[in-house]
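Peer 1: Questions regarding the structure given below will be posed in turn.
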Amino acid sequence: MPRLTVLLFLSFATLAGSVWGFTTPARAGGIAFIINSGGASISVIDMARQKEVRRIPTLREPHHLALSPDGHSLLVGDTAGNQMMFLDPNTGEVQKRMPVADPYQLWFSPDGKYLTVNGLARNQVDVYDAASMQLVKRFHVVATPSHLAYSPDSSTVFVSLQDSDKLAAFDLRTMTEKWTMPVGKTPAGVIWLNGKVLVADMGTDYIAVVDPADGKVLEHVPTGKGAHQLFLSPDRKILWVNNRAGGTTVSLDAATLQPIRSYAIPGGPDDMDFAPGGKIWITRRWAEKVAVLDPATGSYETIDVGRSPHGLFLNPKAPSPTVLSSR
Amino acid sequence: MDDPFDLAAGWLQEHLLIPALYQFGLMNWEDVSYGWALFALYGVAQVVVTFAVCLPLERWRPVERWPDSGAVWVDVAYTVLSRVGILPFVTYVLFYRAQVVVSGWMADQGVVPPTLEGLFPFLLGQQVLTFVLYAIILDFAEYWRHRLSHMFRWWWALHSLHHAQRQMTFWSDDRNHLGDDLIAFVWFGVIALLIGVPPLQFPILVLVLRFLESLSHANVRLSFGWLGERLLISPRFHRAHHGVLAAGERSCNYGAVFPWWDMLFRTADFSRAYVRTGDPSGEEALATGTWLQQQMAGLRRFARSFGRRTVRHGT
């Protein structure tokens, strides 16, 4: 059993490190968290060195994460473990764990008042009071609520219903369903952009532009096979789309939705986050790796992580986790 | 360090499964398909490792030599179907969906299904210790499932297919009636709901346990010694369970991996050495029929078990 031998060696190495100690001075370097959904762990990455420093164990199957409005906690949803983990976003220390049913995709409303949690396997959309983490409302939906996005005024949350090819809108002021409308085959990623809701239809090669008032599809924008996730660049000028089946990441002009460039990112590109300096970190679900893409050159470096890396979060202002872990 | 199984499953996913799912409009299965690919690959590895180790052992010191070993080929089919085909499919489609429905219903009642690590948080991050505890608990549950399958007449009617083989080899481990397999999945599902079972977190160790189960059926004169036989189940120990005198409700040595439960509940028999295997009470099709004939014979026996004069239990 070579795996056991490696494990024992690593355990000894970790123990030795803690006994002998290291005296590396503290330095800013940035910390990244990569959720290994198939490995029940969270990889802690030293952003400056682009190396995995350690892994935080989770219960079963974590997928997505969200930073609390006060910036003090990083919430990680463990779906099969029915648990929400709260991490210190600067160090990765586990602050607490609380039972939450099937937390798949989660995000705080822009006003910080609510946390919406999609229970993908249990067909439920839960709205929590962000301050108290008390469940305010549970919407039972059909079927498999996947991704979500808010209107900028926090009045509405839009949820893609993957197995029913629909998008649902829920009014957070009245806690009622506004509409549920067909938007295309296997909708996944959702984002609010320029007064419209954009939905990545994974069963197709396009994103649907949806009228937030009534859910009607206004147009289709081709991006690539298996359009899966949508992200807006920090300067809000570029819309990034990861195409799951095509193995590409595509940039679009956020104002016109015209394509700018396509990048080959094999291994199932999924979530992304933006690093200072313009590089983009992308999880590659079936490659046990994160790609660090330089959009200027089109080349990317890779960081080894765990099985089926999914959600990720970059905190470039945090201290180097290498220093933290060796203290 | 890259895990070769993960990378191989990733390759299958990217180059075969995803294009097919996309083509047929089934992209909502794309997450499940990766898990299925992993399970299937581990199944292939189990078959290959078991074959590479057990076949030389069976050639080296066989308990029995058969002029015609045609009946073994059906067991080969059982193994491939179970470890590469049906088992991953059931686990990752039917079992997964059923578990979601049940655990979702429990959550709606305000009950979050427990896990071993949730009950004992110090286990988080203790991969090997956690696995060993899960293995012991699951083996205990398997002991009782197996023992009960001998006690109830209708259940034995299904399980007797496993015992009908007179040419028992390492391929015989997966020789089961579909009805018996279905009960085992439900049994396993209940246990999973009670303590949580993370199958993909310990794949290599699961592979080792499955290998031990196959080895225990091997046609080989192999004992682990006085102490070893009391720590792990050997081919000699398990062969006694498959003996012609042990077929039926008064059997012995029910354990799968650890003999401790047999010792604890006084069903262990370390005295029998390399007995003949088979079930004289069953019809011939159960032993030498094709896969389908065996399944049908099992069904007939199952139906008869509810009558007055039905299955004769072993002597």
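Peer 1: Return a yes/no flag: does the range A:73-95 have any residue that is within 10 Å of another protein chain (Cβ to nearest Cβ), surrounded by fewer than 21 Cβ atoms within 10 Å (Cβ to Cβ) and closer than 18 Å to B:MET106 by Cβ.
Peer 2: Within the range A:73-95, not a single residue is within 10 Å of another protein chain (Cβ to nearest Cβ), surrounded by fewer than 21 Cβ atoms within 10 Å (Cβ to Cβ) and closer than 18 Å to B:MET106 by Cβ.
Peer 1: Further, regarding this structure: Could you figure out which of (1) crowded, with 19+ Cβ neighbours inside 10 Å; (2) closer than 28 Å to B:ALA303 by Cα isn't true of B:ARG239?
Peer 2: In the conditions (1) crowded, with 19+ Cβ neighbours inside 10 Å; (2) closer than 28 Å to B:ALA303 by Cα, B:ARG239 misses (2) alone.
Peer 1: Select from the range A:166-184 the residues that are surrounded by 18 or more Cβ atoms within 10 Å (Cβ to Cβ) and not in a strand (DSSP E or B) and write down the one among them that is nearest to the other protein chains (Cβ to nearest Cβ).
Peer 2: A:GLY184
Peer 1: Considering only residues that are polar (S, T, N, Q) and closer than 11 Å to B:GLU249 by Cα, look in the range B:137-175 and name the one that is surrounded by the most Cβ atoms within 10 Å (Cβ to Cβ).
Peer 2: Checking each candidate, the answer is B:SER160.
Peer 1: Among the residues of the range A:198-206, is any in a strand (DSSP E or B) and more than 23 Å from B:LEU26 (Cα to Cα)?
Peer 2: No - not one qualifying residue is present in the range A:198-206.
Peer 1: State whether one or more residues within the range A:304-317 are crowded, with 20+ Cβ neighbours inside 10 Å, among the small types (Gly, Ala, Ser), in contact with a Ser or Thr (Cβ under 8 Å, 6 or more places away or on another chain) and free of Cβ contacts under 8 Å to residues at least 60 places away in the same chain.
Peer 2: No.
Peer 1: Residues that are touching a strand residue (DSSP E or B) at 6+ places or on another chain (Cβ under 7 Å), at least 1 per element: which helices (runs of 4 or more DSSP H) completely within the range B:186-262 meet that?
Peer 2: Per the criteria, B:235-241.
Peer 1: Of the residues that sit in the range B:193-202 and are touching a helix residue (DSSP H, G or I) at 6+ places or on another chain (Cβ under 7 Å) and within 10 Å of chain A (Cβ to nearest Cβ), which one is modelled with the lowest pLDDT?
Peer 2: By that ranking, first place goes to B:LEU200.
Peer 1: Name, by its number, the condition in (1) at pLDDT 80 or above; (2) over 24 Å from A:PRO103 (Cα atoms); (3) surrounded by fewer than 16 Cβ atoms within 10 Å (Cβ to Cβ); (4) more than 10 Å from chain A (Cβ to nearest Cβ) that does not hold for B:VAL128.
Peer 2: Of everything listed in (1) at pLDDT 80 or above; (2) over 24 Å from A:PRO103 (Cα atoms); (3) surrounded by fewer than 16 Cβ atoms within 10 Å (Cβ to Cβ); (4) more than 10 Å from chain A (Cβ to nearest Cβ), B:VAL128 misses just condition (4).
Peer 1: Also, I was wondering about something else. With the condition kept exactly as written, say whether any residue in the range B:152-171 is within 13 Å of the chain's Cα centre (by Cα) and assigned to a loop (DSSP other than H, G, I, E, B).
Peer 2: no
Peer 1: Could you count how many residues in the range A:75-121 are closer than 26 Å to A:THR186 by Cα, among the small types (Gly, Ala, Ser) and not in a strand (DSSP E or B)?
Peer 2: 5
Peer 1: Restricting attention to the range A:263-300, which residues are among the polar types (S, T, N, Q) and either more than 19 Å from A:ARG49 (Cβ to Cβ) or within 14 Å of chain B (Cβ to nearest Cβ) (or both)?
Peer 2: A:THR283, A:THR297
The values are calculated or read from the model by the stated rules, or taken from the named source; none is laboratory data. Source: prediction; values computed, not measured. Note that each Cβ is placed from the backbone with ideal geometry, even for glycine, and that neighbours are counted across all protein chains shown.
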